[in-house]
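The values are calculated or read from the model by the stated rules, or taken from the named source; none is laboratory data. These numbers were taken from a predicted model, which means no experiment stands behind them. Counting neighbours? That spans all protein chains shown, and the Cβs are built from the backbone with ideal geometry, glycine included.
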Amino acid sequence: MDLDIRKRELVKEFYPILEKTTKWSKIWIGFLITIILIGLVAFVLQIVKGHEITGMRDNVVWGIYIINFIFFVCLSYSGAFIAGILHFFKSPWKNSVSRIVEIITVLSLMVGPIFILLCIGRLDRLHYLFIYSRIQSPIAWDVLAILTDLIGCVLYLFLTFIPDFAILRDNSENAPKWRRKLYKFLAIGYQDTPSQRDRLYKITKTMSVMIVAMAIITYTVLAWIFSLTLQPGWNSTIFAPYFIVAGIYSGFGVIIISMFLIRKYYKLEHYIRKVHFIGAGIILLVMSLLYGYFTFSEYFARWFSHNRANHFLLDTLFGRYFWEFILANYVGVLVPIVILFVKKFRTIKSITFAAVIAVLGLWLNRYLIVVPTLETPYIPIQDTRPEFIQYSSTWIEWALTFAGIAAFVLFFILIMKLVPIIPMSGIIDNEREKIRKPKEVTQNNMLW
Amino acid sequence: MVNKLYQYFVIILLVGFMSNNTSFAQKNDLKNYKMLYKFNTVKQHDNSRLFEVSFVASNKKDRKVKLPVYGADINFINVVNEEEILLGTVKTDKEGFARLTLPENQTYYTDVEGYINFLARFESTDALKSIEKELAIKDVFLELDLKEIDSIKKVTLNAYTLDSLKTKIPLEETGVIFSVGGFISNLPIKEATIKDGEYEFEFPDDIPGDAEGNIDVFVSIEDHEDYGNVVQNKNVPWGIFKEQGKKPTLTLWSHYAPIWMYVVLTILLVGVWSNYIYSIINLFKIKKEGKNLELEPKD
């Protein structure tokens, strides 16, 4: 096999995807930018008028911002976990989904922490977090963990991109000058020589292990921010594993949704096949069973404890938050289980539908973990106005929430315009292996 | 197939909503509650008498759900030969308790057998039926004598009732509990049975007291069928003073974290960051090799 010819063929196949711009894609990008601009207006208003224009008050100090933060960090963690596992074990699916997973990991870790900044009333004191940092505080652990994780994920993403940047640098003669310059800069002189390949493979493999470990630590620390406090509904020994399971659950949900959209829009049916959806769907089924088990265990222990504060919390959940509780913990768990359990239902569309339900259910579950607990603390709230006790989000919070989602989608699209969503270097590696060990790799190849 | 999916979806929703709505409605319906009405009286250490009624509604299906009856008028009555003498009326508080304390000099009328008959009555309202509970007890006197003779601390109890001629009648075969006062509840130190109206024992010398070594010694008769609840106590400097343990050095507001926390965090951060640096160094090596290749003349 002439590698140069094969690389040229692959660039020829994937380059149109990078340059693909239709009328609808322009409208879509314009729509995303509009949402981000509305979010910026909301942000300026929040800065000028203060947190008074949000639903957060003295008692319920956290609202949908923190839920978005947990949700995005959870996505990032699960993305890093899945990407690391795929790479380390040289999974046969690697080429089809790894880039999607890696992009989700980095982008969600960039968007997520913005939401925690929105919770802070005095952003001008943000640097106090570092100046007066207290090592015994889980908040300090969280800041350290997220920063370290973010740098690790960006580095890992860059390592996986280098061979593709090199292929694009060598085969984009017709590309605009800025693009060629950018590829040359990002390819850092990678020529795919055996020593460069070995070196890159070695550090990527080490980093894949590192980001799995970092993801677990980061998400555990995030769970500890809640579980190390003595709040009803938060103080739990199983919160860290519960968060990790929930993270993988929602992570697979978002991966399935992304796979569906990318496959449909870029017509990548040849690379993202039904077998990938079924595989991801089965993992989603296992995770939904585990997540359902942890959720049941959490609420059952609280109900059985005969602790008055826990009973107030459960009364609130089954009273004022009845529909949300049903949607998050019944529909959000049982519907994906039913769809994914029955073989007949396992079509690409229904698996994606199950993933959408799982992701929405999990977001709502996070809401039920944060808000009702703050509304029913151990020491009852007395002699205060109802709006101080009961949280209700405002348009400012929703505008910033949608702006965060829009930014995530927009950056995803922009990264896809820079490198192919299917790693060309992965295809080359696979074909190279095929020549070296024909029988072994052929069996693996059947899957992707 | 999609239609079938939606059918399943709707069925699950309906089952969930129906079952939970029912249970929620049950919590708010008075018919599903049973009234728990308890009446008790305690003769206190200063010979005053406390009357207490607890009035709570308990859910028939979920016994953990209890609602105190608030603001109910409770009449405390002394009954003598079918004649009712009102002792006082008290409203129940937010916890469902109505408490009345009458002083030592309050006169109670007894029946021919020497029993005082008490009645606690709640008159019916539009929502609740009337309820009453009766108690019949004899008035008991407990005299606690605490003396230290030859370094031996002795506790002597005399217990008796008075007949119509004010003659002391010693108590027989009656269980009493001796205890010492504690921060949250009393600590029992002796359970005994009175004979000939008297009981005596040696007080242990290892009971902690307050900063001055003072201790409250209690004796009580609890839920006796003839005497009800009676408490007597005396303060005596028989306790030993125990210094509190060392103040905890590790608190959330401590200036420094424990050493192990610094060690673990340093190991973790050094481990992770050294790996990042190792990766970056290798990237530079890749770049250098690439540069060298570019400089080499092409065939």
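Please enumerate the residues belonging to region A:347-361 that are within 11 Å of chain B (Cβ to nearest Cβ) and polar (S, T, N, Q).
Residues of region A:347-361 within 11 Å of chain B (Cβ to nearest Cβ): A:347, A:349-350, A:353-354, A:357.
If the condition is that a residue be within 11 Å of chain B (Cβ to nearest Cβ) and polar (S, T, N, Q), then A:THR347, A:SER350 are the ones that fit.
What strands (runs of 3 or more DSSP E), lying completely within region B:1-78, carry at least 2 residues that are touching a Lys or Arg at 6+ places or on another chain (Cβ under 8 Å) and at pLDDT below 90? Lay out the reasoning, then the answer.
Values: elements: B:33-43, B:49-59, B:66-68.
By residue number, B:33-43, B:49-59.
Taking the condition at pLDDT below 90, in a helix (DSSP H, G or I) and closer than 23 Å to A:LEU150 by Cα, does A:ILE262 pass?
Details: at pLDDT below 90: yes; in a helix (DSSP H, G or I): yes; closer than 23 Å to A:LEU150 by Cα: no.
The answer is no for A:ILE262.
For the list (1) of a type in the set (A, V, I, L, M, F, W, C); (2) within 14 Å of another protein chain (Cβ to nearest Cβ); (3) closer than 27 Å to A:ILE120 by Cβ, I need the number of the one condition that A:ILE381 fails.
Of everything listed in (1) of a type in the set (A, V, I, L, M, F, W, C); (2) within 14 Å of another protein chain (Cβ to nearest Cβ); (3) closer than 27 Å to A:ILE120 by Cβ, A:ILE381 misses just condition (2).
Given the conditions (1) closer than 19 Å to A:VAL245 by Cα; (2) in contact with an Asp or Glu (Cβ under 9 Å, 6 or more places away or on another chain), which single one is not true for A:LEU317?
All conditions pass for A:LEU317, except number (1).
Which of the residues spanning region A:166-176 are in a helix (DSSP H, G or I) and over 31 Å from the mean Cα position of the chain (by Cα)?
The initial filter retains those residues of region A:166-176 that are in a helix (DSSP H, G or I), namely A:166-170.
Residue satisfying the conditions is A:ASP170 alone.
Collect the residues in region A:319-346 that are modelled with pLDDT of 90 or more and within 9 Å of chain B (Cβ to nearest Cβ), keeping them in residue-number order.
A:PHE322, A:TRP323, A:PHE325, A:ILE326, A:LEU327, A:TYR330, A:VAL331, A:LEU334, A:VAL335, A:VAL338, A:ILE339, listed by residue number.
Within region A:244-253, can one find any residue that is surrounded by 19 or more Cβ atoms within 10 Å (Cβ to Cβ) and either over 18 Å from the mean Cα position of the chain (by Cα) or more than 28 Å from B:LEU268 (Cβ to Cβ) (or both)? Give the derivation first.
Step one: of region A:244-253, the residues surrounded by 19 or more Cβ atoms within 10 Å (Cβ to Cβ) are A:244-253.
When the remaining residues are screened for being either over 18 Å from the mean Cα position of the chain (by Cα) or more than 28 Å from B:LEU268 (Cβ to Cβ) (or both), the result is A:253.
Yes, region A:244-253 contains a residue that is surrounded by 19 or more Cβ atoms within 10 Å (Cβ to Cβ) and either over 18 Å from the mean Cα position of the chain (by Cα) or more than 28 Å from B:LEU268 (Cβ to Cβ) (or both).
Assuming B:GLU104 fulfils every condition listed in (1) surrounded by fewer than 13 Cβ atoms within 10 Å (Cβ to Cβ); (2) touching a Lys or Arg at 6+ places or on another chain (Cβ under 9 Å); (3) acidic (Asp, Glu); (4) in a strand (DSSP E or B) apart from one, which condition is it?
With respect to (1) surrounded by fewer than 13 Cβ atoms within 10 Å (Cβ to Cβ); (2) touching a Lys or Arg at 6+ places or on another chain (Cβ under 9 Å); (3) acidic (Asp, Glu); (4) in a strand (DSSP E or B), B:GLU104 is out only on (4).
Anything in region B:269-299 that is more than 8 Å from every other protein chain (Cβ to nearest Cβ) and at pLDDT 90 or above? List them, or say none. It would help to see each step written out before you state the result.
First, pick out the residues of region B:269-299 that are more than 8 Å from every other protein chain (Cβ to nearest Cβ): B:270-271, B:274, B:277, B:281, B:284, B:292, B:295-299.
Answer for region B:269-299, where residues must be more than 8 Å from every other protein chain (Cβ to nearest Cβ) and at pLDDT 90 or above: B:VAL270, B:GLY271, B:SER274, B:ILE277, B:ILE281, B:PHE284.
Is it the case, given these coordinates, that A:THR229 is in contact with a Leu (Cβ under 6 Å, 6 or more places away or on another chain) and within 14 Å of chain B (Cβ to nearest Cβ)? Write out each step before concluding.
On the way: in contact with a Leu (Cβ under 6 Å, 6 or more places away or on another chain): no; within 14 Å of chain B (Cβ to nearest Cβ): yes.
Judged against the criteria, A:THR229 is not a match.
Restricting attention to region A:5-54, which residues are part of a loop (DSSP other than H, G, I, E, B) and modelled with pLDDT under 85? It would help to see each step written out before you state the result.
Initially, region A:5-54 is screened for residues part of a loop (DSSP other than H, G, I, E, B), giving A:20-22, A:50, A:54.
Scanning region A:5-54 gives A:LYS20, A:THR21, A:THR22.
Among the numbered criteria (1) without any contact (Cβ under 8 Å) to a residue 12 or more places away in the chain; (2) within 14 Å of another protein chain (Cβ to nearest Cβ); (3) assigned to a helix (DSSP H, G or I); (4) under 30 Å from A:LYS12 (Cβ atoms), which single criterion is violated by A:ARG179?
(2)
Out of the residues in region A:188-212 that are more than 24 Å from the chain's Cα centre (by Cα) and hydrophobic (A, V, I, L, M, F, W, C), which is farthest from the other protein chains (Cβ to nearest Cβ)?
In the first step, residues of region A:188-212 are kept if they are more than 24 Å from the chain's Cα centre (by Cα); the result is A:188-202.
Imposing the further condition that a residue be hydrophobic (A, V, I, L, M, F, W, C) reduces the set to A:188, A:200.
On the way: A:ILE188: 4, A:LEU200: 6 Å.
That would be A:LEU200.
Take the residues in region B:265-279 that are aliphatic (A, V, I, L, M) and loosely packed, with under 12 Cβ neighbours inside 10 Å; name whichever of them is farthest from the chain's Cα centre (by Cα).
Applying the first criterion (aliphatic (A, V, I, L, M)) to region B:265-279 yields B:265, B:267-270, B:272, B:277.
Next, from what is left, pick out any that are loosely packed, with under 12 Cβ neighbours inside 10 Å: B:267, B:270, B:277.
Values: B:ILE267: 47, B:VAL270: 51, B:ILE277: 59 Å.
Going through the qualifying residues, I end up with B:ILE277.
Within region B:130-159, track down each residue that is assigned to a loop (DSSP other than H, G, I, E, B) and either in contact (Cβ under 8 Å) with a residue 60 or more places away in the chain or of a type in the set (Phe, Trp, Tyr) (or both). Quick ask: steps written out before the conclusion?
Quick first cut of region B:130-159, residues assigned to a loop (DSSP other than H, G, I, E, B) only: B:130, B:138-139, B:150-151.
B:LYS138, B:ASP139 - these are the residues of region B:130-159 that are assigned to a loop (DSSP other than H, G, I, E, B) and either in contact (Cβ under 8 Å) with a residue 60 or more places away in the chain or of a type in the set (Phe, Trp, Tyr) (or both).
Quick check, is A:VAL101 crowded, with 23+ Cβ neighbours inside 10 Å, in contact with a helix residue (DSSP H, G or I) (Cβ under 6 Å, 6 or more places away or on another chain) and farther than 18 Å from A:SER393 by Cβ?
On the way: crowded, with 23+ Cβ neighbours inside 10 Å: yes; in contact with a helix residue (DSSP H, G or I) (Cβ under 6 Å, 6 or more places away or on another chain): yes; farther than 18 Å from A:SER393 by Cβ: yes.
For A:VAL101, the condition - crowded, with 23+ Cβ neighbours inside 10 Å, in contact with a helix residue (DSSP H, G or I) (Cβ under 6 Å, 6 or more places away or on another chain) and farther than 18 Å from A:SER393 by Cβ - is met.
With respect to the numbered conditions (1) of a type in the set (A, V, I, L, M, F, W, C); (2) at pLDDT below 90; (3) touching a strand residue (DSSP E or B) at 6+ places or on another chain (Cβ under 8 Å), which one is the sole condition not fulfilled by B:ALA192?
(2)
Is it true that B:ASP210 is modelled with pLDDT of 85 or more, farther than 30 Å from A:ILE217 by Cα and surrounded by 10 or more Cβ atoms within 10 Å (Cβ to Cβ)?
Values: modelled with pLDDT of 85 or more: no; farther than 30 Å from A:ILE217 by Cα: yes; surrounded by 10 or more Cβ atoms within 10 Å (Cβ to Cβ): yes.
Here the answer is no, as B:ASP210 does not meet what is asked.
Of all residues being over 26 Å from A:PHE277 (Cα atoms) and aromatic (Phe, Trp, Tyr) in region A:232-253, which is nearest to the other protein chains (Cβ to nearest Cβ)? Just the residue, please. Step through it out loud before you land on a result.
Let us first name the residues in region A:232-253 that are over 26 Å from A:PHE277 (Cα atoms), namely A:232-240.
Among the residues that remain, those that are also aromatic (Phe, Trp, Tyr) are: A:234, A:239.
Working: A:TRP234: 16, A:PHE239: 19 Å.
Top of the filtered list is A:TRP234.
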